[in-house]
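Peer 1: Please find one structure pasted underneath; my questions will follow.
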Amino acid sequence: MVELLIAVGVLCLINTGLAALLMVADATLGNYGECKVTINDKRTVVVSGGRSLLAALKDEQIFIPSACGGRGSCGLCKVTVLEGAGEPLPTEAPWLTPEERQAGVRLACQVKVKRDLRVRIPEELFSVRQYRARVSALVDLTHDIKQVTLKLENPPEISFVAGQFIQFEVPPYALTDEPVYRAYSISSDPADTGEIELEIRLVPNGICTTYVHRHLKVGDLVTFNGPYGDFRLQPGGREMICIAGGSGMAPIKSILLEMERTRDPRPCRYFFGARSKRDLFLVERMRAIERALPNFRFIPSLSAPAPEDRWEGETGMITEVVGRHVGDASQAEAYLCGSPRMIEACVEVLRAKGMPESRIFYDKFA
Amino acid sequence: MQPLGFFAILFAAVFTNNILLTNYLGMCSFLGCSRELKTSAGLGAAVVFVTATTSVLNWAVYAYVLAPLGLDYLRFIVFIVVIAAFTQLVEMIIERVSEALYQSLGLFLPLIAVNCAILGASLFLVIRNYTFWHACGYGIGSGVGWALAILAMAGIRQRLQQRARVPRGLEGPGIALVIAGTMALAFMGFNGMVSLN
């Protein structure tokens, strides 16, 4: 009995001793006091030092996109640190190009705030928030694309620019032990501030897409953060060429809805590629926009129409269709959304038509 | 058997009884971080430092606390706690004191708190009833031996990447284990020079 007590006592003593030592160390060595973080030379926030820049900014309601939650494994939380952070850590090295290194780009999750910092953050991130929303409708657009309508609860409204995307949080379920985040473009009109729509295509074994297609029900509460991205309608009134495939419809649709609402007279052609008729969706909605906007044309095209489709519209790869319809594109600008391969092929076609690359806009979703 | 001196034990721990290649301890970080010479050099240095210091610390805890009280059986849990606390403490100190040192060494410290070679070294030296100086020699030797092995491994793997055509089924950990086995065989050549057991 006495022996047992001694054993327990010694163990407790050693453990508490070490814990106390670490606490003292944390309070003295790990205490970097209060540090000033100057953001874009405009705003200065005071944060308690010793934590990651990502966490410190989050407390100040500034959300830097991060898909891994701060473990340095997604490479998304890039910010430019102009002063006070030292050299990039080996954990950041794989994510930074030599140019970024030169410019002082760092991963916010790996930068520890130890002294006053001067950082540069893209302006649009200031409007990024975390939202709680309820699924108000789930509509099958095709056999593998679902339209998800989210009614915002807290905060009750969102302000975004047509073309931007959000990060949808998938809670832990059969396919994942921890929350994961996936980016989806908003497909609804920015004027609907109380609701957003997403178009999500089922990817076999995709963590988020399986969750949305197989588990999500109307009435469920979900979390997302955003909006992100600078894919948006450019000012200037140039002729527009929009090209999308599959769920790439989403951001283009958002842009078109806004144009419909504002009666935008810009000339605009929208090429939409699908395999066969069962992969086509929202055609009627697009025709309605055509009627509202005299200078807008919707050109759906099928790459492999089924015999029963009785398809009389355009056929062939989307790049061929664009090639047939577009003449000189040197004065136009292009908006693309789809798979990286589709985007690459389209960029090539548009450049061959004389469009400068600086006027070809797209989001790179892998 | 006549008692060995400090240097004999150090030599033995590096070559004849290399903790990685004869006891196969510390394999996970050995396989995981041996792709590049630079990373393995940082990790190796951190292991040398931590093994050397925690061996001595644990020796002291054992000799002055656990052994007199007859609490031998607590050594596993106590050693692990000492190692974990110590690595954290050192990480904090390094981070505070020198950014350059933190870049090359400090970053690896939390990683190796769970390296079994370090716990293994502490356990071996109490099982073998080492004196203080022997414990020092063994701790330093084990660390250096581990670092030597991972550096050799990283060198080989880097070459392999440039020159050899590894069958696809063996890429990554597969070929690394084959190499580790071959290295262990090579280290058997040191056998018989000094014996620790």
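Peer 1: Within region A:171-202, how many residues are under 26 Å from residue A:232 (Cα atoms) and modelled with pLDDT of 90 or more?
Peer 2: Matching residues across region A:171-202 total 19.
Peer 1: Something else: Pick from region A:13-43 the residues that are of a type in the set (S, T, N, Q) and exposed (fewer than 12 other Cβ atoms within 10 Å of the Cβ): which of them is nearest to the chain's Cα centre (by Cα)?
Peer 2: Here the residue is A:28.
Peer 1: May I pose another question? Consider residue A:6 carefully, then state whether it is within 14 Å of chain B (Cβ to nearest Cβ), farther than 27 Å from residue B:42 by Cβ and not acidic (Asp, Glu).
Peer 2: Taking the combined requirement at face value, the residue satisfies it.
Peer 1: Let me ask something additional. Out of A:226, A:206, I need the residue that is in contact (Cβ under 8 Å) with a residue 40 or more places away in the chain and either under 30 Å from residue A:78 (Cα atoms) or β-branched (Val, Ile, Thr) (or both). Which one?
Peer 2: Going through A:226, A:206 in turn, just one is in contact (Cβ under 8 Å) with a residue 40 or more places away in the chain and either under 30 Å from residue A:78 (Cα atoms) or β-branched (Val, Ile, Thr) (or both): A:226.
Peer 1: Looking only at region B:20-39, filter to residues that are within 14 Å of chain A (Cβ to nearest Cβ) and in contact with a helix residue (DSSP H, G or I) (Cβ under 8 Å, 6 or more places away or on another chain); which one of those is farthest from residue B:103 (Cα to Cα)?
Peer 2: This residue is B:35.
Peer 1: Out of everything in region B:47-97 that is among the small types (Gly, Ala, Ser) and within 17 Å of the chain's Cα centre (by Cα), what residue ends up being nearest to the other protein chains (Cβ to nearest Cβ)?
Peer 2: Among those that are among the small types (Gly, Ala, Ser) and within 17 Å of the chain's Cα centre (by Cα), it is B:84.
Peer 1: I'd like the full set of residues that are assigned to a helix (DSSP H, G or I), farther than 17 Å from residue B:51 by Cβ and not basic (Lys, Arg), limited to region B:79-111.
Peer 2: Within region B:79-111, B:92, B:93, B:95, B:97, B:99, B:100, B:101, B:102, B:103, B:104, B:107 qualify.
Peer 1: Related question: I'm told residue A:159 meets every condition in (1) touching a strand residue (DSSP E or B) at 6+ places or on another chain (Cβ under 9 Å); (2) within 25 Å of residue B:33 (Cβ to Cβ) except one. Can you identify the failing condition by its number?
Peer 2: Condition not satisfied by residue A:159: (2).
Peer 1: Please give the number of the condition residue A:335 fails out of (1) surrounded by 21 or more Cβ atoms within 10 Å (Cβ to Cβ); (2) touching a Lys or Arg at 6+ places or on another chain (Cβ under 8 Å); (3) outside any loop (DSSP other than H, G, I, E, B).
Peer 2: Of the numbered conditions (1) surrounded by 21 or more Cβ atoms within 10 Å (Cβ to Cβ); (2) touching a Lys or Arg at 6+ places or on another chain (Cβ under 8 Å); (3) outside any loop (DSSP other than H, G, I, E, B), the odd one out for residue A:335 is (2).
Peer 1: Exactly one of (1) surrounded by 19 or more Cβ atoms within 10 Å (Cβ to Cβ); (2) under 12 Å from the mean Cα position of the chain (by Cα); (3) in a loop (DSSP other than H, G, I, E, B) is unmet by residue B:44. Its number?
Peer 2: (3)
The values are calculated or read from the model by the stated rules, or taken from the named source; none is laboratory data. Since the structure is predicted, the reported quantities are computational estimates derived from the model, not experimental observations. Cβ sites come from the backbone with ideal geometry, for glycine too, and all protein chains shown count toward neighbours.
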